[in-house]
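One structure is given here, and the rest of the page talks about it.
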Amino acid sequence: MGRPTNNRRQKSPVITLIGEGITEQYYFKHIRSLYNYRYILKPYFFGITSLTDMDRKISEVLEGGGIAICVFDTDVSQRVEAEKKKLNNLLRKYSRKKNVIFCDSMPSVEYWFLLHYQNTNRHFNNSGAVERELRKYLLTFEKSIVFLEKEKWVVDLCADNQLETSIERARNFGDKSPSYSNIYKAFEVFRK
């Protein structure tokens with residue numbers, strides 16, 4: 001008599017988002033709801049203020065056999081040499097890990113939102129400059145819980161196939177431009 005075979009399907013690794021702030025947290029909460037993507041999104045994994053914290057959270061996800069998607073802005077690491085060194089060390093540490101995806105944006109996540117409306121990779125001095133440009137399209141955009149908790153702003157961002165447009169624009173610009181976003185990489189993982 002032969003050994004019984006296991007006909008169960010292999011479970012996919014759990015995707016966990018790790019991020020800096022409430023803007024990213026609410027954006028991905030609404031995206032998950034609108035597109036029925038499957039990933040863990042908990043306040044515990046957001047509000048990370050240091051790269052050391054991010055490293056610790058990545059390790060927790062990897063220990064559980066999951067996929068860590070890290071969403072953060074790189075404007076500070078471009079201005080502060082010590083932060084740049086920490087970021088480079090973090091990127092190097094996980095460079096060979098296929099289950100760690102870095103979705104950084106320069107100068108900020110708002111640039112990713114702007115790509116839904118504009119085909120630009122011009123230099124923005126800071127996130128405030130991007131936000132001013134974004135308000136030409138999302139007139140009431142603000143980084144407050146009162147605004148961000150409402151799903152409508154993400155619905156508006158994604159209307160008329162603009163999400164696909166931003167993914168394509170970000171992919172085409174790459175991360176060597178003055179402004180860039182690698183958030184499109186998260187969508188590549190969600191859609192697998």
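No value in this document is a laboratory result; all are computed from the given coordinates. Fair warning: this is a prediction, and the values are worked out from it, not measured in the lab. No Cβ is skipped: glycine too gets one built from the backbone with ideal geometry, and neighbour counts run over all protein chains shown.
Things to note:
- Top-ranked residue of region 12-38 - restricted to ones that are of a type in the set (D, E, K, R) and in contact with a Leu (Cβ under 7 Å, 6 or more places away or on another chain), ranked as farthest from residue 184 (Cα to Cα): 29
- First in region 55-84 and of a type in the set (Lys, Arg), second anywhere and surrounded by 15 or more Cβ atoms within 10 Å (Cβ to Cβ), Cβ under 7 Å, 6 or more apart: 57/18; 57/45; 57/48; 84/77
- Filter pass, residue 77 being more than 14 Å from the chain's Cα centre (by Cα), under 19 Å from residue 108 (Cα atoms), assigned to a helix (DSSP H, G or I) and among the hydroxyl-bearing types (Ser, Thr, Tyr): yes
- Residue within region 57-65 that is charged (D, E, K, R), surrounded by 13 or more Cβ atoms within 10 Å (Cβ to Cβ) and in contact with a Leu (Cβ under 7 Å, 6 or more places away or on another chain) present: no
- In summary, helices (runs of 4 or more DSSP H) completely within region 124-172 and bearing 3 or more residues that are farther than 14 Å from residue 23 by Cα occur at 127-134, 152-158.
- Against the test of being among the aromatic types (Phe, Trp, Tyr), crowded, with 20+ Cβ neighbours inside 10 Å and touching a helix residue (DSSP H, G or I) at 6+ places or on another chain (Cβ under 6 Å), the options 113, 102 yield a single qualifying residue, 113.
- Single residue of region 116-146 satisfying the filter (within 20 Å of residue 74 (Cβ to Cβ) and without any contact (Cβ under 8 Å) to a residue 40 or more places away in the chain) that is surrounded by the most Cβ atoms within 10 Å (Cβ to Cβ): 134
- Among the candidates 92, 96, the residue that is part of a loop (DSSP other than H, G, I, E, B) and charged (D, E, K, R) is uniquely 96.
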